[in-house]
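> Structure below; questions to follow.
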Amino acid sequence: MLTTLKEADFDKYVDLAYSLALDQSKSAYPTYTDGIKTRSDFISASKKAFNSTENEILLFEYEGVVEGWIQYYWMPRDKYISLSAFNISCHIEAALKEFTELLNSERSFKGYSFYAGFPGKNIDAINFLIKNGFKCIEEDNNNSFFFDRYSLLPQNQAIKRITEENYDDFRKLHSEIEGEMYWNSDRIYENLHEWNIYGYYEEELLKAAVYYIDETVMLEIFGIDFYEDTFVEAIYRELLIAVLNGGKRLGASYMTYFCDKECQETVSKLGFELVGEYVCYIKQL
């Protein structure tokens, strides 16, 4: 049974929810096993449910026992729903079944896209999604980077910053791969002041670009695109160095990066630490 968590009962259940957030087989993304996010971060993120009309925590009870909670948020403008937390100790498939039924029947979410990201270790959740018509749109390795262990490396002169002036170069490149991803070219452009984008040029042609959110404490790489989807390891490494140098100069403490599994060796050599596998599924409600 799912019931809305009242703010007065938050302290009663937060310890259970946080303990499950530290177990990749019992939780969803964003993960708290990355060495970056803390208990304080978890509490702060969870309490957003009490200060927003588009964010909610649901307690999951099975045969009279509270087994955790589900936190989710939605954006009506984009018809987008995603999980902030899914921390369930047992009967994970039953919890997901009830939650998806709630989204489909009791709420006004018809036409929304539901994005569900989980660690690869949460086998029960993934099995449910596969059996119930969810489409897998991403399978990556999740890595953490700690800037206090990093010294600046030489940066390739072929790398240039992407601004409004040359954004059309990036738009053309990104449109080749954006597909169903939320951060398409238009949304990135609307929020360009929040982004750092570096491009690797050969003469006047943009061959590859990396893009990440500009936050002082923690950075997150959202993607690296290649011209004609042709991966070049040497360019890939140069783009990562540009990001790391930029983060170091900015004074960032951490970085999160979800990369293709084939790139893990290069990523690890630059100092990233593997957290685990991340999978993302989508379904239209």
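> Based on what the data block shows, is F118 surrounded by 15 or more Cβ atoms within 10 Å (Cβ to Cβ), hydrophobic (A, V, I, L, M, F, W, C) and in contact with a Cys (Cβ under 9 Å, 6 or more places away or on another chain)?
Against the criterion (surrounded by 15 or more Cβ atoms within 10 Å (Cβ to Cβ), hydrophobic (A, V, I, L, M, F, W, C) and in contact with a Cys (Cβ under 9 Å, 6 or more places away or on another chain)), F118 qualifies.
> For region 66-113, how many residues are assigned to a loop (DSSP other than H, G, I, E, B) and of a type outside the set (A, V, I, L, M, F, W, C)?
Here the count works out to 12.
> Another question about this same structure. What about N156, is it open to solvent by 30 Å² or more (accessible area, probe 1.4 Å), over 19 Å from G247 (Cβ atoms) and either in contact with a helix residue (DSSP H, G or I) (Cβ under 9 Å, 6 or more places away or on another chain) or at pLDDT below 95 (or both)?
Answer is no for this residue.
> Can I ask one more? With the requirement that a residue be small (G, A, S) and assigned to a strand (DSSP E or B), what does region 200-255 give you?
The answer is A208, A209, G223.
> Mind listing whichever residues of region 1-15 are touching a residue at least 24 places away in the same chain (Cβ under 8 Å), open to solvent by 60 Å² or more (accessible area, probe 1.4 Å) and within 26 Å of the chain's Cα centre (by Cα)?
Within region 1-15, just T4 meets the criteria.
> Which pairs turn up if I take residues in region 77-93 that are under 20 Å from Y32 (Cα atoms) and without any contact (Cβ under 8 Å) to a residue 40 or more places away in the chain and look for partners that are in a strand (DSSP E or B) and not aromatic (F, W, Y) with beta carbon separation below 7 Å, at least 6 apart in sequence or on another chain?
If the second residue must be in a strand (DSSP E or B) and not aromatic (F, W, Y), the pairs left are C90/E67.
> Please determine whether any residue of region 235-249 is open to solvent by 60 Å² or more (accessible area, probe 1.4 Å) and within 16 Å of N143 (Cβ to Cβ).
There is at least one residue in region 235-249 that is open to solvent by 60 Å² or more (accessible area, probe 1.4 Å) and within 16 Å of N143 (Cβ to Cβ).
> Restricting the search to region 121-151, which residues are in a helix (DSSP H, G or I), among the hydrophobic types (A, V, I, L, M, F, W, C) and open to solvent by 60 Å² or more (accessible area, probe 1.4 Å)?
I123, I130
> Next up: Restrict the check to region 213-220 and report whether at least one residue is in contact with a Ser or Thr (Cβ under 6 Å, 6 or more places away or on another chain), open to solvent by 10 Å² or more (accessible area, probe 1.4 Å) and either more than 21 Å from N156 (Cα to Cα) or modelled with pLDDT under 90 (or both).
yes
> Let me spell it out: the conditions are (1) in contact (Cβ under 8 Å) with a residue 24 or more places away in the chain; (2) farther than 30 Å from K248 by Cβ, and S108 meets all of them except one. Which number is the exception?
(1)
> A follow-up question, please. Within region 159-181, restricting attention to residues that are without any contact (Cβ under 8 Å) to a residue 24 or more places away in the chain and acidic (D, E), which residue is least open to solvent (accessible area, probe 1.4 Å)?
Taking the candidates together, the pick is E178.
> Out of everything in region 58-110 that is surrounded by 14 or more Cβ atoms within 10 Å (Cβ to Cβ) and of a type in the set (G, A, S), what residue ends up being nearest to W183 (Cα to Cα)?
Only one residue fits best here, namely S82.
> Separate question: In this structure, does G246 turn out to be within 21 Å of Y200 (Cβ to Cβ) and touching a Lys or Arg at 6+ places or on another chain (Cβ under 7 Å)?
Taking the combined requirement at face value, the residue does not satisfy it.
The values are calculated or read from the model by the stated rules, or taken from the named source; none is laboratory data. Since we're looking at a predicted model, the values are computed, not measured. For neighbour counting, all protein chains shown are included, and Cβ atoms are generated from backbone atoms with ideal geometry for every residue, glycine included. To get the accessible areas, we keep the full protein, side chains included, count just its heavy atoms, and leave off ligands, DNA and RNA. Shrake-Rupley method; radii C 1.70, N 1.55, O 1.52, S 1.80 Å.
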